[in-house]
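Colleague: My questions will all concern the structure given below.
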Amino acid sequence: MISLTGILERAVDVGASDIHIAPLAPICYRVSGDIAPDGEAIMRPEDTASIVKQGLTDTEIAQLAKNKSFDKAIALPSRKCRFRVNVYIAKGAFGLVMRQIPEEIIPLEKLQFNPLVVKQLDRPRGLILVTGPTGSGKSTTLASIINYIGNRNKHNIITLEDPIEFIHQHGSSLMIQREIGEDCPSFLDGLRDCLREDPDVILVGELRDKETIEAALTAAETGHLVMGTLHTTGAAKTVDRIIDVFPGDSRDQIRAQLASGLVAIISQTLCKKVGGGRIAACEVLVNTKSIAQQIREGQTHKINNDLITGKKLGMITLDKRLEELVREGQITETEALKKAAEPFNLAQNLGVDYYEA
């Protein structure tokens, strides 16, 4: 029998961020951003089913059969880490994707945020969003932020996660972590519960629908620091995505709420580092009177200009940050151009031919 524990230990040994187990394919590991097979042995449907049974309880397997997918986190005590697991069904057979979650939370200073941006984390109320595509490191960034706030204050911090990934310890702040599906039915229900539990800081793992977004905005308006994630790329597109979720007759109200409640947006992507590993490149928006007015008036296409001119407030565009990482020798020109919002302009700034990079 193929051992699930052995697969997880192998992932730690090779420095994999993700494990892919698909029927009729070899086990694959993602290392430094690239997927590579681990040997040539092909996983049969009965092999993947055996691995699933090792990782899920009978109750969870029943839920998987009903919903056709299942998410959870599992611990690997021998290596002091956890894995976020998604089990799915493809062509009638089980498949799994498992992402490694380090036990140690990265100190915020290692994420290299501008000190003026870090200062925004001391705000007593408002909305901070961390956005980016799947696998861009949003959970890692949020864990660092929550850990930083918790260590600097005497707060009641409540997180709503699906599933719980990084484990936060009680210290000067209370750290209450609730798992969707296990501890509460949904993000919306958990958020409503939070408002009766004397929170200072609320983390909403994902703002999935208009009801949850609306509740998060209301919580931010009524004296809480709220953090959440969205699967969007770029600060301006994040604002548009939030507004577009709502019907036309309520968008003016949402624009007004977002304009007054938004603190900052961190939009990130992961890049391959020179020499191996990966590094996050972050676009950062800090809400100002000018940006608030643009949000309120539906002029979000002008936000990028404020990002370009807002360096003294800690703001930066994604492409400018990519340019900095290239000049620091941390990523290649080719990698920067792959991840850029405007690759032709970035190529010009770097003095390279876009088609040859």
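Colleague: Working only within region 235-271, note down all residues that are in a helix (DSSP H, G or I) and among the small types (Gly, Ala, Ser).
Modeller: 235, 236, 248, 250, 256, 259, 260, 261 - these are the residues of region 235-271 that are in a helix (DSSP H, G or I) and among the small types (Gly, Ala, Ser).
Colleague: Applying the selection to region 145-161, what residues are in contact (Cβ under 8 Å) with a residue 24 or more places away in the chain, among the polar types (S, T, N, Q) and surrounded by fewer than 21 Cβ atoms within 10 Å (Cβ to Cβ)?
Modeller: 153, 156
Colleague: Can you tell me which residue is nearest to residue 297 (Cα to Cα) among those in region 223-255 that are surrounded by fewer than 19 Cβ atoms within 10 Å (Cβ to Cβ) and touching a residue at least 60 places away in the same chain (Cβ under 8 Å)?
Modeller: 240
Colleague: Taking residue 295 and the conditions (1) within 19 Å of residue 133 (Cβ to Cβ); (2) crowded, with 19+ Cβ neighbours inside 10 Å, which numbered condition does it fall short on, given that it satisfies the others?
Modeller: (1)
Colleague: Here is a check on your reading of the model: is residue 212 crowded, with 20+ Cβ neighbours inside 10 Å and either basic (Lys, Arg) or assigned to a strand (DSSP E or B) (or both)?
Modeller: no
Colleague: Only residues that are surrounded by fewer than 16 Cβ atoms within 10 Å (Cβ to Cβ) and within 20 Å of residue 266 (Cα to Cα): list them for region 300-357, please.
Modeller: Once the filter is applied, which keeps residues that are surrounded by fewer than 16 Cβ atoms within 10 Å (Cβ to Cβ) and within 20 Å of residue 266 (Cα to Cα), region 300-357 yields 301, 302, 305, 308, 309, 311, 312, 324, 338, 342.
To keep it simple, each residue is scored yes or no on (1) without any contact (Cβ under 8 Å) to a residue 40 or more places away in the chain; (2) acidic (Asp, Glu); (3) touching a Leu at 6+ places or on another chain (Cβ under 7 Å).
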| position | (1), (2), (3) |
| --- | --- |
| 8 | no, no, yes |
| 14 | yes, no, no |
| 26 | yes, no, no |
| 30 | yes, no, no |
| 39 | yes, no, no |
| 44 | yes, no, no |
| 60 | yes, yes, no |
| 67 | yes, no, no |
| 71 | no, yes, no |
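Colleague: Any residue at all in region 198-215 that is under 20 Å from residue 303 (Cα atoms), modelled with pLDDT of 95 or more and of a type in the set (D, E, K, R)?
Modeller: no
Colleague: Kindly check whether there is at least one residue in region 135-143 that is touching a strand residue (DSSP E or B) at 6+ places or on another chain (Cβ under 6 Å), buried (at least 20 other Cβ atoms within 10 Å of the Cβ), assigned by TED's automatic domain parsing to the domain that holds residue 267 and of a type in the set (Lys, Arg).
Modeller: yes
Colleague: Can residue 127 be described as crowded, with 20+ Cβ neighbours inside 10 Å, touching a residue at least 40 places away in the same chain (Cβ under 8 Å) and within 23 Å of the chain's Cα centre (by Cα)?
Modeller: Spelling it out, residue 127 is indeed crowded, with 20+ Cβ neighbours inside 10 Å, touching a residue at least 40 places away in the same chain (Cβ under 8 Å) and within 23 Å of the chain's Cα centre (by Cα).
Colleague: Examine region 256-263 for a residue that is farther than 24 Å from residue 351 by Cα and surrounded by fewer than 17 Cβ atoms within 10 Å (Cβ to Cβ), and state whether such a residue exists.
Modeller: Taking every residue of region 256-263 in turn, at least one turns out to be farther than 24 Å from residue 351 by Cα and surrounded by fewer than 17 Cβ atoms within 10 Å (Cβ to Cβ).
The values are calculated or read from the model by the stated rules, or taken from the named source; none is laboratory data. These numbers were taken from a predicted model, which means no experiment stands behind them. Here Cβ is always computed from backbone atoms with ideal geometry, including for glycine, and neighbour counts include all displayed protein chains.
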